[in-house]
Structure formats: structure tokens, C-alpha cells
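One structure is given here, and the rest of the page talks about it.
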Amino acid sequence: MLTRRNSGDQWTKFEATTLLNAIRHAPVLHPERPYVLQLGERSASLFELGPGTRYERAGVNRLLYCGTALANLYLAMRVLGWRATIELAGDGTAPDLVATVKALTPTPPTDRETLLHRQIERMPPYWAEPGEWVPDSAAVAKLVASNWCPGTELRLLSDRAAAMETARLVLHAGRRMDGDRWCADELAPWLEPQQTTPVAQVAPQFGPLATMSAEPYADAVCSIAARLVADPILVVTTSGDTARDHVLAGAAIQNARLSASAFGLAIRPVTRLIKLDEVRKGLARQLGPGVYPHALLRIGGMPSNV
């Protein structure tokens, strides 16, 4: 998981441990991580491991996971007191290189960066189901504004028509991927029978979403749509669809999780349904031309059972 190059300016043991711990606590759902960390002269690089296919057996986008590790690595570099820059791979000289974080000049981290770095080891596991909360538009706005990843955006799913179409896609994914326990686990809160929260209870805190009733519906699509708008959903998007964009989307997902934890909230990423081309294209149509979806983020309170 960690390699080191000989150089005239090596990291100290403490620095190397700090960088490695950031990677160790990056999300992973399988025994083997899809990347390896290499430390060089005031730099830390992520190299992709694996067969070169984008999706693993469980439908996990490997580059998204590389991006989550990259977000942690950048924060670790900052708390070590370095102004850092991220250089994404793309020139083809090293096909397996994902990105390099370079330390430039000594610069103390901001209070926010220090706070986010603390969340790396404190926040709930990637798979943890968020707890109950009363949706708060101010908290959601803070999450959206916290995104620093270039070329990415966190979009609130609040439009009635978009919610209905997304509900159809969720139901379709659940049927298409029936038997896939990982997908079933991600979609369970939307697909399993449960009581939904009446919008009247949350309208004062979440005005725009009050345009659609969240009472239970007999029709499955309407029921899912009601849940989608009763609890805020963010869509992680990019303006391109290259490997670099997928890495940046992963970094945006991880930054959103860290920011949510700092706000006392939790985020559960939903990514496996994006593996289906028809689902991804359907989501893209709702977002507009030149926008590519990578994940849905379910927001809630801190889990009580982890």
C-alpha cells in the first residue's frame, strides 16, 4: 500500500505516517484498495492498481475510490504545514498514475482544514446508514458551498419532475440489479416499505421542497419520489467524463462526507446504480447538457448504531 522512492529530501517518519493514515482511512468496501501510495521528494502520488477496468465486481467505480483517497491525502499534506497542489494524471507517461500531491512552501493549515482532517478518523463508515434528522436548508447550503473540487458540483435534487424521473430510475435499478446485495443495501431506504415524512412537518425549514407532498403513495414511483424530496438528496456532477473527472468526483464525495461530519451530519453515497448506462443517461437528461452524474448523496443525522 505504501512505497518510497529514494530522494534527497525524504519525509520524516511522522510525516509519512500522517500521509499513510489518511489513505488507510479512505473509504473501501473490499479487501484490496484500488490504489497504492508512493512517497517521493516532497510529493505523494496515488497509482491505480487492478485490471484496468473502471468497475469492480461489485459495481464500484475504482476511480471514485481513488478520488476519495486523494481528498484525504491533500488534507494530510495541509495539516503537515505545507501549501499543496494537486496534479492530476493525463499526459500518458505513467498510465497507472492517478494524481500527485506536491508540497510547495511551508504554510499553516486553516482552522477548517484542521477540522476536516480530524473527521477522517472520526466520521461514520462509508456504508453507515445516516440517522434521522429534520432537514435544514442552511446545513444543505453549507454542504453545497463546501465543495472545493474543480470541475465538480453538488446539486440539490429539488425539482418535482426531476424527482419523479429519478424515482423511476431508482426503481429500474433495483429491478435490474435484483440479487446484488451491495446495490440493494444502497437503495433500501428508497425501495423498502416505510412511512414517509409529511412535508408539512419540514416545510418551515425546507421551503422549496414543500411544493411536493411527501404523504405515502400507492404507486411505487410516487412513493420513492416522495422520499427523495422529503429528505435532501445531492447529486455529484462533473462538466466532463474523463478519468480525471471521475477522480475529482470521488474527491468531491469525500469532501462532502468530511464536511457533513464537521456539521454533525452524515452522508451515504449511492453510486452503484450509476453503473447502468440507462440510469446514468437518465439522470444526465434531468441535469442538462454537458453535465455528468457520478453519485447521489443521502444526508441525515449521525448514525446511532455504529
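Glu278 versus Ala94, label points 7 Å from Cα toward the beta carbon: distance in nm?
4.2 nm
At a 10 angstrom cut-off on C-beta neighbours, averaged per residue, how do the peptides 102-112, 229-239, 136-146, 165-175 rank from highest to lowest?
229-239, 165-175, 136-146, 102-112
So if we plug the beta-carbon distance of Gln10 and Thr105 into 1/(1 + (r/R0)^6) with R0 = 30 Å, what FRET efficiency do we get, rounded to 0.05?
Efficiency at R0 = 30 Å is approximately 0.95.
Once both labels are modelled 7 Å past Cα along the beta-carbon direction, what's the Arg83-Glu121 spacing in nm?
2.9 nm
Past the 17 angstrom mark, what percentage of all C-alpha to C-alpha distances in segment 42-182 do you count?
The share of Cα pairs beyond 17 Å in segment 42-182 comes to 75 percent.
Just rank Tyr35, Tyr292, fewest to most, by other beta-carbon atoms within 10 angstrom.
Tyr292, Tyr35
For a quick check: sort Arg298, Arg285 by the number of other beta carbons within 10 angstrom, fewest at the front.
Arg285, Arg298
Need the C-alpha centroid separation for segment 246-297 versus segment 104-132, integer Å.
Cα centroid to Cα centroid, the span is 19 Å.
Taking a point 7 angstrom from the Cα of Trp133 along the C-beta vector, which residues in segment 254-290 have backbone N less than 17 Å away?
Zone members listed by number: 254-270.
Would you mind ranking Glu132, Glu87 by Cβ crowding within 10 Å, fewest neighbours first?
Exposure proxy ranking, most exposed first: Glu132, Glu87.
Only the coordinates and a few stated rules stand behind these numbers; no lab work does. Keep in mind that this is a model prediction, so the values were computed, not measured. When we count neighbours, we look across all protein chains shown, and the Cβ atoms used for this are built from the backbone with ideal geometry, even at glycine.
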